[in-house]
Amino acid sequence: MNQKYIARSSAIAARKLGDEMIVMSALNSTLFTLNEVATVIWQAADGQTPLSDIVQKAVCREFDVQPELAYQDAEALVNDLAGHGILLVSKQPISTNVPQETR
Amino acid sequence: MSLMAEVNAKAQALGVPISAHLDLTYRCNERCEHCYLEHDDKGEMTTAEIFDVFDQLADAGVFFLVLSGGEPLLRRDFFPILERARALLFNVKLKTNAVLIREAEAQRIRELGVEQVQISVYSHRPEVHDGITKLPGSLKKTLRAIEFLKSQGLKVTIANVLMRPNLLDSPGVQRLAADMGVSYTLDPTITPMMNGDTSLLSMRAPREILREIFRDPSLVGNVEEFCAPPAAADDDALDATPCSAGHTACYITPYADVYPCVQFPLPSGNLRRQKFIDIWRNSPELKDVRSITARNLPTCSSCTHVASCSRCPGLAYMEGNMRGPSTADCEKSFVRTGIPSANMLAKASAATRRTAMPGLVQIRMATT
């Protein structure tokens, strides 16, 4: 399986609200809300950890879900968010210039 | 319900301050005739204090952060402050007169991911705009900055405050915004000064101008709907909270004072003495603000406009009672619909009684 690395775009705003993450793109002011599982993936998107590790270590340990199904769902989420420009996806680790603190 | 409305409703249910407005300074390079601020620096927060406030706001759940002033770019540490705000992933909206924004500043603002920039333009005519700002050449500099910001792909809104010196210029500013490819918003609200001085209110637009504005579909959308007679108030309307001030939003002065809103200067705590979350959760003033519903307003609860009025509790507070009517909003409801508010009727009735009543002390004289 080809590894995928994911990193949050620097042109977004984000904050945890209850059990959800609200994210807004500064590029087009589109607002998103991520559910609990998507929030875990989002918070782990440091550009250095492969998506498969994020799913295995962060998602499958926290939630009762089959690894393969979890990876498929995570990949769909990642592609969706990347399509909106709020997540960067690469086959190589991604170094981001802007420090980000997710809360 | 829109996603934004859902987010706001969730924030209110959880008691989260989803929005905060921080004025970085009250100093300004313009001296606008209608401005409600005193511009002398009375001890602004330091860079470190602002960074600490940002940390506290992020921990409390603030997502939307307005940075404004005065003129925020007058602070030498403006860009480090903006960098810190963005590193904490606030959604930043910048309010500025843009006079100090050139190409390099516009580029930095874009690089830092500011979501939108709101810029005050009072007229398309330099003599009127510069006459209001008291800064010669200010319109030219502001418009040049808008071009720089636009060329960076930033979302820009021209905010046009309506007042007596520019009463006839809003169509010109609206055309200017369209020509420049930026959004336009018109605000007919002139507020008293923060110190309570109400002399600025004489600059408010007269009724006939408001009437024209409220019937302009490019400004209000569906005119028929906007100017429709008020609907009867149901329980939902009577139990509704008036606005986000103190519920999901707050305002912080350059001196670390916390108010419910920039237009609601009720001192509710100070961040140099208290933690933000303690003020937000425990301030008696904010709790008092949160206890207001339309149902418990002494005059407005019986008003025919109660369900649709834009009553601002901050303007009411500045008139003397946060639970009282805001006469500017009574005026707007009347101009929209042609139906006087309960407050207007009560005042007219009192005036009639005063005229009709004989004087308490009377002197009768007769000459023979």
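Please treat every number below as a calculation from the coordinates, not as lab data. Predicted model only: the values in this text are computed from it and were never measured. Quick reminder, even Gly has a Cβ in these numbers, built from the backbone with ideal geometry, and neighbours come from all protein chains shown.
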- Task: Report, in debye and to the nearest 20, how large the dipole of the protein assembly as shown comes out about its Cα centre when Lys and Arg carry +1 and Asp and Glu carry -1 on their Cβ.
- Result: 1300 debye
- Give B:Lys134/B:Lys332; B:Lys93/B:Lys141; A:Lys4/B:Lys150; B:Lys95/B:Lys287 a once-over and call out the pairs whose C-alpha atoms are over 26 Å from each other. B:Lys134/B:Lys332; A:Lys4/B:Lys150; B:Lys95/B:Lys287
- Query: About its Cα centre, what dipole magnitude does region A:19-103 give when the only charges are +1 on Lys and Arg Cβ and -1 on Asp and Glu Cβ, stated in debye to the nearest 20?
  - Reply: 320 debye
- Got a sec to turn the phi values of region B:77-92 into Karplus ³J(HN,Hα) couplings, 6.51 cos²θ - 1.76 cosθ + 1.60 with θ = phi - 60°, whole Hz, x for Gly and Pro? 9, 4, 5, x, 5, 5, 4, 5, 4, 6, 4, 8, 6, 5, 7, 9
- Along region B:126-136, what does the Karplus equation 6.51 cos²θ - 1.76 cosθ + 1.60 (θ = phi - 60°) give for ³J(HN,Hα), rounded to whole Hz, x for Gly and Pro? x, 5, 7, 4, 5, x, 6, 7, 6, 10, x
- Query: From the backbone phi of region B:139-148, what are the Karplus-calculated ³J(HN,Hα) couplings (6.51 cos²θ - 1.76 cosθ + 1.60, θ = phi - 60°) in whole Hz, Gly and Pro given as x?
  - Reply: 5, 4, 5, 5, 5, 5, 5, 4, 4, 4
- Helix-derived mean residue ellipticity, 222 nm - over chain B, DSSP H n ≥ 4, -39500 (n - 2.57), to 500: -11000 deg cm²/dmol
- Query: Once amide H atoms are built 1.01 Å from N in the peptide plane, which residues 5 or more positions from B:Val182, or in another chain, come under 5 Å H to H?
  - Reply: none
- Message: Going by Cα centres, region B:28-42 and region A:14-59 are how many Å apart?
- Response: 42 Å
- In terms of the charge dipole of chain B, which places +1 on Lys and Arg and -1 on Asp and Glu at the beta carbon, the residue among B:Ser349, B:Ala87, B:Phe148 farthest towards the positive end is B:Ser349
- Query: Which of B:Lys275, A:Lys4 comes first, and how do the rest follow, when ranked by fewest Cβ neighbours within 10 Å?
  - Reply: B:Lys275, A:Lys4
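Treating the beta-carbon of each Lys and Arg as +1 and of each Asp and Glu as -1, no other charges, what is the dipole magnitude of region B:221-368 about its Cα centre, to the nearest 20 debye? Could the numbers behind the result be given before it?
Working: 15 positive and 13 negative charges, 136 e Å.
For this selection, approximately 660 debye.
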- Message: List the residues, sorted by chain then number, that are 5 or more residues from A:Glu20 or on another chain and whose placed amide H is less than 5 Å from its amide H.
- Response: none
- Can you tell which of A:Trp42, A:Gly85, A:Ser95 lies farthest toward the positive end of the dipole of chain A, using +1 and -1 charges on the Cβ of basic and acidic side chains (Lys, Arg; Asp, Glu)? A:Ser95
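Which of B:Thr253, B:Thr191, B:Thr293 comes first, and how do the rest follow, when ranked by fewest Cβ neighbours within 10 Å?
Numbers: B:Thr253 24, B:Thr191 21, B:Thr293 15.
Lowest count first: B:Thr293, B:Thr191, B:Thr253.
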